[in-house]
Structure formats: structure tokens, C-alpha cells
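Just below is one structure, and these are the notes that go with it.
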Amino acid sequence: SLRERIVVAFAFGVIASVLTICKVVFIYRGSTKQENRTTIDPLPWMIWAVLSVVTLIPQFVKANWQWTMLFGCTTLAANIAVVWLARKHHVGRFTRGDWIMVSIAAAGILAWMLSGDAYFGLWFSLLADSVGVARIWIKAARQPYSELIVVWLLGAAAAAFAFVSAGYSGESITLWYPAYVIGNALGSALIIAASRFMQRRAIAMPAKTN
């Protein structure tokens, strides 16, 4: 029944939000512990905070409020929280990739305004978001211990619950964002794990040679 679908969508949306909050807790612990080498690059999180709004609006316009959007709202709050946590970290200058990301998001909003199709706003914002993800992937590949695998696994798990919630909403536009987050979060975790393995292997090789 419709009532049951709403209850299930609500439950999965809440679980997704709780897991997102847990992710921020791990980021906080990792960035404050002196013995931990994790660092926060503030720029991607700052831009993601803006893009979170740009991603939510087309979904709301097209599908009205759905409980899977609770995940998007919590993600917005989480991005802002991480930016606040990173206030003592060095904020680098905007790179060419950062400007590309902002330009893509702006192009998406313009395409949405001209066409009236909310999907354009969503797709372009996700494309812009992926540029920021690439920045994290590069950081993780170069400094694998500067990122926590658990953070990205929690992000993927949260998005998976949000995806199920979106499925119960019956609105296809709400499926795109959590599906995208599942992919980029798992990609981040994989890159961190692979880079750590390669780094440990590189350190162990000279020891075996000697």
C-alpha cells in the first residue's frame, strides 16, 4: 500500500542520514587525533556544500518532497560541518579543475532555466560534483593515509539506503544522486586501499632486497 511504501522510504531515508552523520564523526576523529595522518582538503567540501543545494532543488521541483531527500539534506549539513572542521586546515587556491566544476554547475542551472527540464540541473550538478571527487581521488592516490576508508564506506552505505528509499518513492529523478554517490564513494575507498597497498609494498621491497 501507499502508506507502507512511505513508511519504508522514511525508514531507509533516516538510516541513510544517520550513516552520513557517522561519517562526519569519523572525519572529526581522524582530523583531531594527533597520531592520525588524516587531513581535510576544505575546497571540495566547500563546493560540494553549494552543489548539494543545486542537486536537491531539481529533485524537489520535479518530485516534490520525498523521504530519500532527507539524505541529501543531511549531506548538505555534513558538507558544511566538514568545512567548519577544516577551518584550521590550509585552503588552497582554486585550480583549473575547480573552476571547471563551478562552470559546469552554472551551465546546468542555465540549461535548466532555458529548457524547463529539472533533469538538466541535476545531471550537470552531478557532473560538476565529479570534478571535486577527482580532486579527492588524486589526494588519496598521493597520500593514501590522509583519507579514512571507513568514511567513504559509510558514505556508500548511506547512499545505498537512500537509493532504496528513492526506489520506494516512485520518482526516477531521486535515484540519480544516491546512485552517483555509491559509485564515487566506493571508488574513493578502492583508491585509498590500493594506494596503501602499493605504498606498503614499495617500503617492503628494499627490506627484502637487503
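The values are calculated or read from the model by the stated rules, or taken from the named source; none is laboratory data. None of the values given here were measured: they were computed from a predicted structure. With ideal geometry, Cβ positions are generated from the backbone for all residues, glycine too; neighbour counts draw on all protein chains shown. Note: accessible area is taken over every heavy atom of the protein model, side chains too, but ligands, DNA and RNA are not part of it. Shrake-Rupley method; radii C 1.70, N 1.55, O 1.52, S 1.80 Å.
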Conditions (1) in a helix (DSSP H, G or I); (2) open to solvent by less than 40 Å² (accessible area, probe 1.4 Å); (3) at pLDDT 90 or above; number of the one not met by Ile27: (3)
Failed item, numbered, when Thr39 is tested on (1) part of a helix (DSSP H, G or I); (2) open to solvent by 50 Å² or more (accessible area, probe 1.4 Å): (1)
Single match in Leu186, Leu190 (criterion: of a type outside the set (D, E, K, R) and buried (at least 16 other Cβ atoms within 10 Å of the Cβ)): Leu186
The listed residue being aliphatic (A, V, I, L, M), open to solvent by less than 40 Å² (accessible area, probe 1.4 Å) and at pLDDT 90 or above, out of Ala128, Ala118, Ala111, Ala166: Ala166
Pair list, Cβ < 7 Å and 6+ apart or interchain, from the stretch 114-127 residues that are closer than 17 Å to Val102 by Cβ and of a type in the set (Ser, Thr, Tyr) to residues that are open to solvent by less than 40 Å² (accessible area, probe 1.4 Å) and modelled with pLDDT of 80 or more: Ser125/Leu51; Ser125/Val54; Ser125/Thr55
